[in-house]
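This report refers to the structure that appears directly beneath it.
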Amino acid sequence: MKLWPTCILLDVDYTLADSSDAIVACIGHALAAMGHPPAPPDAIRATIGLSLPAAYAQLTGSDGDGEGAARFAALFLARADELMVPGTRLLPGAADAVRALHTRGHRLAIVTSKRASIVREVLEREGLLELFEAVIGSEDVARHKPDPAPLRLCLERLGCPPEAALYVGDAVADARAAQAAGVAFCGVLTGVTPREEMAACPTRAVLGSVAELVAWVEG
């Protein structure tokens, strides 16, 4: 029997890992440095998974393509260099799921709005980096989720057709990116998106967490 999905592409924040406290701190630092009023932590957490310009626009009502967004991103990234790797922890069961999927022959890759360099450091720390054939991050593409560009780049690097791939993520933007790329999508509920909103997206399944992915794929 042919293995499906041949390639499993995974989001990071709220899918494989939680770096929300570090993100809240980095965004708070950037907003304060620019003279913006502080944003509530829950409002910041709701932007996790968006590109930095999109997060800036959502939190401030400003132009996500302007000079302010560029300065915000620079301030965020400078602080992230200090906080993000130590502030990122894998979610319960995520490492075991990754190892099990790899053992069963699935090709694994990362598609995230986080910087790929940070993701590689975290995966290397956890002993998982060698299990992933590609890591696509914010620095690899000009357009970010829900645009399909990151997924398409990942498929190109893997040499994988869209119909042989599955994308796993926690947000509506992940589902929309998958749909636009012609890739099947599986949602997980370890982020801030409620089940009803996730179920309304074009999904193959909505799971409690990535820890349930192995059983679902095998089923």
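Only the coordinates and a few stated rules stand behind these numbers; no lab work does. All of these numbers come straight from a predicted model, not from anything done at the bench. Cβ: placed from backbone, ideal geometry, glycine included. Neighbour counts: every protein chain shown.
Any chance you could list the semi-axes, whole Å, largest first, of the equivalent ellipsoid that the Cα gyration tensor gives for the chain, using √(5λ)?
They are 29, 17, 16 Å, listed from largest to smallest.
Tell me the relative contact order for the chain as a rounded percent, counting alpha carbon contacts under 8 Å between residues six or more apart.
Relative contact order comes out at 25 percent.
What are the radius of gyration and Dmax of the range 20-83, computed over its Cα atoms and given in Å?
Expressed in Å, the Cα Rg and Dmax of the range 20-83 come to 10.2, 27.
Determine, for Tyr167, Tyr56, the number of other Cβ atoms within 10 Å of each Cβ, and report the residues in order from fewest to most. Please list the in-between numbers first.
Values: Tyr167 32, Tyr56 28.
If I rank by nearby Cβ atoms, fewest first, I get Tyr56, Tyr167.
Of all DSSP beta bridges located in the chain, what percent are antiparallel, nearest 5?
Here the share of antiparallel DSSP bridges comes out near 10 percent.
I need the phi-derived Karplus couplings for the range 213-219: 6.51 cos²θ - 1.76 cosθ + 1.60, θ = phi - 60°, integer Hz, Gly and Pro marked x.
The phi angles translate into 5, 4, 5, 5, 4, 5, x Hz.
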